[in-house]
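Take a look at the structure set out below.
The values are calculated or read from the model by the stated rules, or taken from the named source; none is laboratory data. Note that the structure is a prediction, hence the values are computed from the model and not measured. In this analysis, Cβ positions are derived from the backbone assuming ideal geometry, glycine residues included, and neighbour counts consider all displayed protein chains. All accessible areas refer to the heavy atoms of the entire protein, side chains included, with ligands and DNA or RNA removed. Shrake-Rupley method; radii C 1.70, N 1.55, O 1.52, S 1.80 Å.
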Amino acid sequence: MLGDKLGNATGKVVLRRALPSTPGGARTESTQRGTGLLLGIEYQEMSTYESELRPDGTVFGHGQGVYTGKGGEIASWVGQGVGTMSKTGSVSFRGALYLYSTSPKWQRLNAVASVFEYELDANDNYKAELTERK
């Protein structure tokens, strides 16, 4: 069952590079920067993820990132997701993130599985929503 909305983010992919392909498909690595709200706290984000375009047309991705809150809060995350790519180059992902923080305002997230919806347009702009999984 889905629970409360945890936050959202918007930003831009700032670096992309090709990785060696595997029998499973072509691979890329992307780094992005953005801003958002997490439990009502404004933050800046930096993250890197790898994506593999699979033979059936789906995309599998995994990555990690860091959120830095306006009040000095810090959280790291790891996550995975699956998605689809459109003919125009946009990508839509759904997946799960696991956050870790020693900051009191974000520490409750250490025991939460969160699910995300992530949309990347053809110009490398993204928006994401993060929801608690209960």
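Averaged over its residues, the range 21-134 has an accessible area of 54 Å² per residue, based on protein heavy atoms and a 1.4 Å probe. Give Lys105/Lys127; Lys12/Lys134; Lys87/Lys134 a once-over and call out the pairs whose C-alpha atoms are over 26 Å from each other. Exceeds cut-off: Lys12/Lys134; Lys87/Lys134. Taking only protein heavy atoms and a 1.4 Å probe, the accessible area of the chain is 56% carbon and sulfur.
Would you kindly give the portion of the calculated P(r) for the range 27-125 that falls above 17 Å, as a percent of all Cα pairs? Across the range 27-125, Cα pairs with separations above 17 Å total 52 percent.
Each residue of the range 11-26 was assigned a 3J(HN,Hα) from its phi angle through the Karplus expression (A = 6.51, B = -1.76, C = 1.60, θ = phi - 60°), giving x, 9, 6, 10, 8, 9, 9, 7, 10, x, 6, 10, x, x, x, 6 Hz with x at Gly and Pro.
Each of Gln64 and Leu2 was given a label point 7 Å from its Cα along the Cα-to-Cβ line. The distance between the two points is 2.9 nm. With the simple spin-label model, which puts each label point 7 Å out from Cα in the Cβ direction, the Arg33 to Lys105 separation comes to 2.2 nm. Within the same chain, aspartates and glutamates fewer than 8 places from Lys70 are excluded, and of the rest, those with a Cα less than 17 Å from its Cα are Glu42, Glu45.
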